[in-house]
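The values are calculated or read from the model by the stated rules, or taken from the named source; none is laboratory data. On a predicted model such as this, the values are computed, not experimentally measured, just so you know. Glycine also receives a Cβ, built like all others from the backbone with ideal geometry; neighbour counts cover every protein chain displayed. Each accessible area value is taken on the protein alone, full model and side chains, heavy atoms only, with ligands, DNA and RNA left out. Shrake-Rupley method; radii C 1.70, N 1.55, O 1.52, S 1.80 Å.
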Amino acid sequence: MTSPPDNPSSLISEDTRDTAVQRLQQAYAEGHISHEEMEEGLDQVLTAKTHSELASVLASLPEEDAGTTSTIAAAGGRIKRRGAWRVPRILKVASAFGKVHLDLSRAVIEHPVVDIELQLGTGRAKITVPRDAIVDLDALHTGWKDTLYKPPRSSRPGGPRIRISGTMGFGRLKVRHARR
């Protein structure tokens, strides 16, 4: 087992650990893994210290059911998610007017790849991703202003891949990595 990295943001929270335990138990209950595989996986999850150690245990499990797509929509006003919220596999965000702020820095991210689809009319959008995340903006179309994103100088392996797609009308998207 490797020692924990110097970066404390890559350490897993108890909420993330609990979610991983639930996924293992669900896979066993549905017959996807044997009792021995569940026991071994639980031991690895309970002793894991980083997201990459946890991801290696969960990688062999089947994808979660259809409940992994969510939509957040507002005609006007603000859309804001921050703190310890569970990020679905596919997140669709639609707003005609207003600001969007998604903070994934302390969110529970259970999937190695998260797709965020933006459909924004006017207004700004800001997305804060975990420090070790890999951001892909290739499928995002901007109409008026360019996206502001500066990749980190060095990245640590094992972080989630955040793919941002969709359409930005009259507004700007700013993506930044969390500092902690």
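Below is a table of values for the structure above.
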{"quantity": "Relative contact order of the chain, defined on C-alpha pairs under 8 angstrom at six or more residues apart (%)", "calculated": "19 percent"}
{"quantity": "Peptide ranges 109-120, 33-44 listed from the most packed, as the mean C-beta count within 10 angstrom indicates", "calculated": "109-120, 33-44"}
{"quantity": "Relative contact order of the range 74-180, defined on C-alpha pairs under 8 angstrom at six or more residues apart (%)", "calculated": "29 percent"}
{"quantity": "Positive dipole terminus of the chain, leading residue within Ala59, Ala96, Met38 (C-beta point charges)", "calculated": "Ala96"}
{"quantity": "Heavy-atom SASA rank of Ser165, Ser154 (probe 1.4 Å, accessible area, largest first)", "calculated": "Ser154, Ser165"}
{"quantity": "In sequence order, calculated HN-Hα J values of the range 127-133 (Karplus, 6.51, -1.76, 1.60; Hz; x Gly/Pro)", "calculated": "10, 9, 10, x, 4, 9, 6"}
{"quantity": "Amide H within-cut-off set for Ala107, under 5 Å, with H built and near neighbours excluded", "calculated": "Trp85"}
{"quantity": "5 angstrom amide H check on Val113, placed H, neighbours 5+ away", "calculated": "Arg161"}
{"quantity": "About the Cα centre, charge dipole magnitude for the range 31-134 (Lys/Arg +1, Asp/Glu -1 at Cβ), debye", "calculated": "1300 debye"}
{"quantity": "Solvent exposure, largest accessible area first (probe 1.4 Å, DNA, RNA and ligands not counted), of Leu148, Leu91", "calculated": "Leu148, Leu91"}
{"quantity": "Cα centre as origin, Lys/Arg/Asp/Glu Cβ charges: the chain dipole, Debye", "calculated": "1780 debye"}
